[in-house]
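Here, each number is a calculation from the coordinates, and none is a lab measurement. Keep in mind the model is a prediction, meaning the values are calculated, not measured. Note that each Cβ is placed from the backbone with ideal geometry, even for glycine, and that neighbours are counted across all protein chains shown.
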Amino acid sequence: MTRVGRPAVLLDRDGTLNVNPSNYVTSIDLLQPIPGSFEAVGRLTRAGWPVVVVTNQACIGKGLATAESVNDVHDECRRASTHGGSFEGFYVCPHVPDAGCTCRKPLPGLLLSAAQDLDLDLFRSYMVGDTIRDVLAGRAAGATSLWVRTGNDPEPPDGHALDLAFDDLASAADWILERG
């Protein structure tokens, strides 16, 4: 008998949950939630959606942060998630862009790892992010990709069409919840 995993909402971190500064979020004092983002995680969680963060963190590979300090930021995200929100996991690519790894978005490695570990069905899942890397990773993994305009680039680069775009995570979460 074939086992079917659960649909989930996979989120990029910087630019989707929190403000994306120019020099990385390397400590909890640099974490600035985007208004409504953690409340949106609460709404998704209460509706039964597993919420998972998949994030490129080249700051580790560049020596600007440690894996432990990035984990501290994720612990702060857990604390900041209000209204019953929770995260089932945080998946991190610590590599620099030219490292040749398979986990760095736009490749789907982080999403595939989350699906394997957490029994997720990516074909019934959503990938929400603020960069074309997020959109392409979601597409490559078979998820429906949702663009949010809260990052440093509110529109995709030339030559990249978007299927679905939203002002922020809160409005993307509303759309997901409306679809059931």
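Quick notes on this one:
- Within-11-Å neighbourhood charge of Arg104 [Cβ basis; K, R +1; D, E -1]: +1
- Within the shell defined by Cβ-Cβ distances under 13 Å, the residues around Leu122 carry a net charge of 0, with Lys and Arg each +1 and Asp and Glu each -1.
- Share, in percent, of DSSP beta bridges within the range 3-123 that are antiparallel, nearest 5: 10
- Taking the chain as a whole, the Cys residues whose C-beta sits 4.7 Å or farther from every other Cys C-beta are Cys59, Cys77, Cys101.
- Among Gly109, Gly15, Gly84, the residue with the largest mean-square fluctuation in a Gaussian network model of the chain, with springs joining Cα atoms closer than 10 Å, is Gly84.
- Local electrostatic count, Gly36, Cβ distance below 12 Å [Lys/Arg +1, Asp/Glu -1]: -3
- Candidate values (1) -0.57, -0.86, -1.06, -1.16; (2) -0.93, -1.04, -1.13, -1.18; (3) -0.49, -0.80, -1.05, -1.19, label of the one derived for log10 I(q)/I(0) by the Debye sum over Cα atoms at q = 0.12, 0.15, 0.17, 0.18 Å⁻¹: (3)
- Lys62, Lys105 arranged by Cβ crowding within 10 Å, fewest neighbours leading: Lys62, Lys105
- Added length on full extension, which subtracts the Cα-Cα distance from 0.36 nm per residue, Gln32 to Asp98: 21.0 nm
- Centre separation in Å (Cα based) which lies between the range 119-180 and the range 20-59: 14
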